[in-house]
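Trainee: Have a look at this one.
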């Protein structure tokens, strides 16, 4: 979000930045500003040891995620049912990650929900379908880091004001990098409800 890492520069940035009014996402009654994840990333949050998290920061999450994606003996498919309550639409698919974005940013400078707008009154939902093919997974990872993962149009992408995600089996969910619990998760949006400076 273009905030300088230097403390003095960051303070100056916040003093001079214009004020914006953004939406706030709600997941099972808890608020989030940036994003929520179900599946791989939430499992990483759950398994990340506090000492490693403190010592390595974002790098620790990346390494743990790579371990789960590429070095586990058996990848297990999880099936999701997403019920969009504002559209009378249900979508089902096996997946390894579902991201619910209020902002395009996922963490650091990484963007996943590329079309997300924090003041449009909607949450963006992007589904990364399950694959047991290491080459396919590696290709997806490269596409994410180069922000080209939506160019082929093969990733399910929705916007909604209210929906629920049910999985079989139950899996972990995180909001803004903090563990929420397990599925099912009910999502909604509080439009234009927080003032921010970025």
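Rule-based calculations on the coordinates, nothing more; no lab input. Only a predicted model underlies this, so the values are computations on that prediction, with no experimental measurement involved. Here the Cβ is made from the backbone with ideal geometry for all residues, glycine too, and neighbour counts use every protein chain on show.
Trainee: Measuring from label point to label point, each 7 Å out along Cα→Cβ, what is the residue 136 to residue 20 span in nm?
Mentor: Each label point lies 7 Å from its Cα, and together they span 3.5 nm.
Trainee: What is the spin-label model distance, in nm, from residue 166 to residue 92 if the labels are put 7 Å beyond Cα along the C-beta direction?
Mentor: 1.0
Trainee: OK, next. Using packing as a proxy for protection, rank 116-128, 32-44, 15-27 so that the peptide with the highest average count of other Cβ atoms within 10 Å comes first.
Mentor: By packing density, highest mean first, the sequence is 32-44, 116-128, 15-27.
Trainee: For Cα pairs less than 8 Å apart in space and 6+ apart in sequence, what is the mean separation divided by the residue count of the stretch 7-197, i.e. the relative contact order in percent?
Mentor: Computed over the stretch 7-197, the figure is 33 percent.
Trainee: With equal scatterers on the alpha carbons only and no solvent term, can you work out the Debye log10 of I(q)/I(0) for the stretch 7-197 at 0.15, 0.16, 0.19 1/Å?
Mentor: Treating every Cα as an identical point scatterer, log10 I(q)/I(0) equals -0.93, -1.06, -1.45.
Trainee: Another question, then. Would any residue of the stretch 115-144 have its amide N under 17 Å from a label point 7 Å out along Cα→Cβ of residue 192? List them or say none.
Mentor: 117-123
Trainee: Direction-averaged shadow area of the convex hull around the Cα atoms of the stretch 84-143, nm²?
Mentor: So the mean shadow area of the Cα hull is 5.0 nm².
Trainee: Sum -39500 (n - 2.57) across every DSSP H segment of at least 4 residues in the chain, then divide by the residue count to get the 222 nm mean residue ellipticity, nearest 500.
Mentor: After summing the helix terms and dividing by the residues of the chain, the value is -7500 deg cm²/dmol.
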